[in-house]
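Here's the structure, in structure tokens; my notes come after.
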Amino acid sequence: MFGLLDELQARTEELGRSVQELKALGDVTQAVNSTLDLETVLATIVAKAVQLSALRWALSLRVRRGATAPGRAPPTEWTALIAAIRDHLIGAGES
């Protein structure tokens, strides 16, 4: 009997997560369809990603065409940006 209740509770939680994901996808789709402002669309995507992942914050980066991606011998700008973010987080007591 308890196994069946546990399974029902797990499925209910999974359904709740699916509803949240579909709502977030709908919100992002609405942002894309309602504006040509890239900053608005990116802000919506980041906000929904934070909400769904239960993170405290997230960061989106726009990379110029032809720039080297992080992890592939990043250029000086990437190294400086990563260091600044790391220093800010450690300085704020978050590691």
Got a sec? How would THR76, THR35 order by Cβ neighbour count within 10 Å, fewest to most?
THR76, THR35
Cβ-Cβ cut-off under 12 Å around THR44, Lys and Arg +1, Asp and Glu -1: the net charge is -2
Which of LYS48, LYS23 has the fewest Cβ neighbours within 10 Å, and the rest in rising order
LYS23, LYS48
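Bear in mind these aren't lab numbers, they're just calculated from the coordinates by the rules spelled out. All figures in this text were calculated on a predicted structure; none of them were measured in a lab. Neighbour counts are summed over all protein chains in view; Cβ atoms, including those assigned to glycine, are modelled from backbone coordinates with ideal geometry.
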